[in-house]
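Here is the structure we will look at.
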Amino acid sequence: MELRHLQSLLAVVDHGGFTAAAKALHTVQSNVSAHVARLERELGAVLIDRTSGDPTPEGSVVIARARRIQAELDSLPSDVSSLRAEVTGPVSIGIIGTTARWLVPHLVDTMSARYPRVRVVVHDATTASLLLQLESSAIDIAVLSLPVPDPEVMTRPLFVEHRLLAMPVDHRLADIDHLSLADLDGEPLLVEPRGHPFREQLEMLFAERGLQLVVKAEVDGTRLVASLAFEGFGVAILPASAVSNRPDLDWRTAPIDDLPGRAVGSATRRHGLLSAPARALREVLEDVIGERAAEQPGIHPTVEN
């Protein structure tokens, strides 16, 4: 097995076929086909369905491993360069949208000051999407909601933020300064779909207290839930960082005192070493959180300042 065989396989998947892969690799199609066929013979399995062009189940497994190998290779130049001089090279970080809104400006500015030769690429996505990108090596670090029930991922806590109920100003609960879960008994809520950690936590807490959790709509994505709540579509439980400061919206928020806050942390792949730029970014990320998170309403850092 040679690296070029794996690179050809990845190119076929990433570019949508053997012809496009050959163009991207600056070679001829027959070479790409030969490399993939050689890999298939060695592994004893068909990796690409020649009819549909899609990876087979066996191919998907090989592709996942090949991406990790490629990510390690891509890190070699920056690792060697960091030993000789300053840290240089690209690094990708994915951040949940509500956190990215206040974190990204400070993170990028601090990285530019400390590591001017590191090129930071920021991705905005949900926790579920970031985990997929992390596992496929599309990003190096993720900032997402905890806990992460994935043994292939390592996490480090960053901060905890309050959860608030967002509602129209004329809602029956709008005049209450501090709410409890009992106040939400039977109240139709905008919630995440089943399978999300916070949805499971809500169902457990409501059941323990003998309360009825009524779902008005299931929405995947905190920012979308917030937008729907602020536009008056429904009532939603939001983390503090999702609260809008737009003056034209007729809504208000109130803390839910007996509901645990949202924990946010960083995540990396368990297997494989972080590149020098990724290690630098994680260091800056934790420093920025320690210095800036407490300035955000309702957010309490769990990393040392």
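Tally the DSSP beta bridges in segment 28-150 and give the antiparallel ones as a percent, rounded to 5.
Of the beta bridges lying entirely in segment 28-150, close to 10 percent run antiparallel.
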Unit charges at the beta carbon, dipole of the chain: most positive-side option, TRP251, PRO157, MET167: PRO157
Sorted largest first, the C-alpha extents of the chain along its principal axes in whole angstrom are 71, 49, 36
For n ≥ 4 DSSP H runs only, could you compute -39500 (n - 2.57) per run for the chain, divide by its residues and tell me the 222 nm figure to the nearest 500? -13500 deg cm²/dmol
Expressed as an acute angle from 0 to 90° and rounded to the nearest 10, what is the orientation of the C-alpha long axis of helix 29-43 relative to the principal long axis of the chain? 80 degrees
Average Cα contact separation per residue, the chain, under 8 Å, 6 or more apart, as relative contact order %: 22 percent
Give me the compactness ratio for segment 56-164, meaning the Cα radius of gyration over 2.2 N^0.38 Å. 1.21
Inter-part gap, Cα centre of segment 192-260 to Cα centre of segment 73-141, in whole angstrom, is 30 Å
Note: probe point = Cα of THR56 + 7 Å toward Cβ; backbone nitrogen < 14 Å; residues of segment 4-38 passing the test are 36-38
Along segment 52-67, Karplus-curve 3J(HN,Hα) (6.51, -1.76, 1.60; θ = phi - 60°) to the nearest Hz, with x for Gly and Pro, reads 8, x, 8, x, 6, x, 5, x, 4, 5, 5, 4, 4, 5, 5, 5
Dipole magnitude (debye, nearest 20) for segment 62-159, charges at Cβ of Lys, Arg, Asp, Glu: 160 debye
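If the only charges are +1 at each Lys and Arg Cβ and -1 at each Asp and Glu Cβ, what is the size of the charge dipole of the chain around the Cα centre, to the nearest 20 debye?
Its charge dipole is roughly 1200 debye.
Per the Kirkwood formula on distinct C-alpha pairs, the Rh of segment 9-73 is how many angstrom?
11.9 Å
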Evaluate the charge dipole of segment 163-260 about its Cα centre and quote only its size in Debye, nearest 20, assuming +1 on the Cβ of each Lys and Arg and -1 on the Cβ of each Asp and Glu. 220 debye
Between 0 and 90°, nearest 10: helix 3-15 axis offset from the chain longest Cα axis: 50 degrees
Work out the FRET efficiency for LYS23 and ASP109 from their Cβ-Cβ distance, taking R0 = 41 Å, and round it to the nearest 0.05. 0.60
Label-point separation, SER227 to ARG156 (7 Å along Cα→Cβ), nm: 3.3 nm
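None of the figures in this text is laboratory data; all of them are computed from the coordinates on show. As the structure is a prediction and not an experimental result, all values here were calculated from the model. Here Cβ is always computed from backbone atoms with ideal geometry, including for glycine, and neighbour counts include all displayed protein chains.
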